[in-house]
Each structure stands twice: as C-alpha cells, then as structure tokens.
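These notes concern the structure reproduced below.
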Amino acid sequence: MPPTPTRHTGPRIRTSCSTWCRCVTTSPCSTLGAGTGKLTRVLARRYARVIAVEPLDNMRAILEQVVPEAETQAGTAEAIPLGDASVDGVFAGQAFHWFRNDDAVAEIARVLRPRGVVCAVWNRPEEPSPLPRAYRDYIAVLHEPRLKAVQEGPTLAEVLGRGPFGTLYEAEVFHEQTQDRDGVLGYASSVSWIASRPDHEREKIMHRLDELLSEGPFTFPLKTEIFWAIRR
C-alpha cells in the first residue's frame with residue numbers, strides 16, 4: 001500500500017517559481033517526476049490546466065488524492081505522454097536531477113511550445129536543523145546512494161545547453177516552514193528514495209524514523225533554488 005496521503009508531505013515550494021517563469025494563468029503546464037504532488041499543488045492554484053507525469057503507481061495514487069484538480073499520467077521524462085508543442089511550461093520539483101540527460105531534454109523540447117519555459121526547483125535545508133542528530137544521520141545513510149549518483153552527473157546548465165534552450169536563469173528564496181511531527185514523517189515517506197522502495201522495506205524505515213524523531217513542532221530554515229530557461 002502507498003503511504004497515507006497528507007497535506008503536510010513536504011516543505012512548501014514557493015509560488016515564486018511560477019511567477020518568475022512568466023507563464024500566463026491560462027497556460028497548460030506539466031510537472032515531471034511529479035511524485036506525491038508538492039509542486040503540482042502549487043501550480044494547480046495558478047494555472048488552468050496542469051498535467052502531472054509520474055512513473056510510480058504508489059506515488060501517483062497519493063498525488064491523485066492530494067491534488068484531484070490536476071490531470072495525472074503515467075510516464076517518464078524520457079517518454080512524456082503529451083503531444084508535440086502541447087504545453088507552455090514544464091516544471092520539475094526536487095526531481096530534475098533524476099532525468100538530467102539528453103533524452104529527457106529532447107522530450108521536454110518536443111512537448112514545449114516555442115518560447116515555453118522549462119523550470120527546475122529544489123528546496124535546500126539550511127542550518128541549524130531542528131531535527132535530532134540521530135534522525136538526520138539515518139536519513140543521510142538512506143539518501144547517500146542516490147545523492148552520489150546525482151553529484152557525479154552533468155550539471156543542469158550542461159544538459160540544457162545541448163538542447164534548444166536559451167540562457168539558464170536562477171533565483172533563490174529564503175524562507176521557513178513549520179511542521180508538526182506527523183508532517184515531518186509524512187515528508188520522509190514521500191521522498192522518492194523512500195517512497196519507491198518495496199512496502200516491507202519502506203515500513204521498516206518509517207518505523208525507525210518514528211523511533212528517532214522527537215516531539216514537534218519543527219521550524220526549518222530553507223532555501224528554494226529556482227532555475228529556468230526558455231525554449232527557442
């Protein structure tokens with residue numbers, strides 16, 4: 001069974017990404033690697049039509065409950081289930097590093113209309129962290145294999161530079177997010193490198209995280225990094 005859906009499944013990605021990217025509110029947009037819908041929820045408040053593309057059934061099931069107003073499609077960044085020149089914006093929240101390759105960039109260029117925007121968003125935790133040291137250490141061990149693969153790959157600028165895109169712009173937003181204990185555990189259960197594991201493994205991990213986490217609430221200092229480029 002997928003993790004229980006919750007409105008507290010992650011640090012809120014600021015609406016700044018949709019403001020800077022300058023798509024009008026009537027623009028059809030897509031989210032790739034949409035996961036459990038953190039960024040999709042933000043975009044659905046702004047745009048008339050949002051198509052969320054996510055390959056994993058269990059994560060897509062959560063997304064459909066959390067953001068029912070968005071359309072959902074099974075698919076990957078390397079095989080986007082959309083027509084040619086069908087959207088004005090393609091967004092990825094906490095996900096672009098998993099498909100930072102030429103095949104994905106070619107597909108993004110295919111579905112984008114001329115002058116459409118591709119936008120990647122990441123939330124980065126700042127110090128000091130409010131979480132217990134043992135909790136953070138266990139999370140780091142779980143994340144390390146995926147993180148190493150990302151760090152050894154090409155940069156976003158390198159990959160987009162090989163496609164039909166102009167200058168890569170970037171911006172930062174510093175903010176805070178407060179979550180209760182259930183919200184912190186809900187976020188942990190929704191990240192791809194936990195949510196994509198087999199049920200028995202995920203349940204064991206979440207049980208251990210529950211043991212390590214103290215009582216909340218927790219206030220997280222965050223930096224949201226936003227990168228975008230325009231299709232030529």
Worksheet item: Efficiency by 1/(1 + (r/R0)^6): what FRET value for A79 and S214, r their Cβ-Cβ distance, R0 = 41 Å, to the nearest 0.05?
Response: 0.45
Worksheet item: To the nearest Å, what is the center-to-center distance of region 83-134 and region 193-213, using C-alpha atoms only?
Response: 26 Å
Worksheet item: By a straight-distance test (C-alpha under 24 Å), which lysines pair with K223 as possible cross-link partners, with residues fewer than eight away in the same chain excluded?
Response: K38, K148
Item to complete: State, to one decimal in nm², a quarter of the convex hull surface area for the C-alpha atoms of region 150-232, i.e. the direction-averaged projected area.
Response: 7.8 nm²
Worksheet item: How large is the helix-only mean residue ellipticity at 222 nm for the chain, computed as the sum of -39500 (n - 2.57) over DSSP H runs with n ≥ 4, divided by its residue count, in deg cm²/dmol to the nearest 500?
Response: -10500 deg cm²/dmol
Worksheet item: Can you give the % of DSSP beta bridges in the chain that are antiparallel, to the nearest 5?
Response: 55 percent
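We did not get these values from a lab; they are worked out from the coordinates using the rules stated. All of these numbers come straight from a predicted model, not from anything done at the bench. Cβ coordinates were reconstructed from backbone atoms using ideal geometry, including for glycine residues, and neighbour counts include every protein chain displayed.
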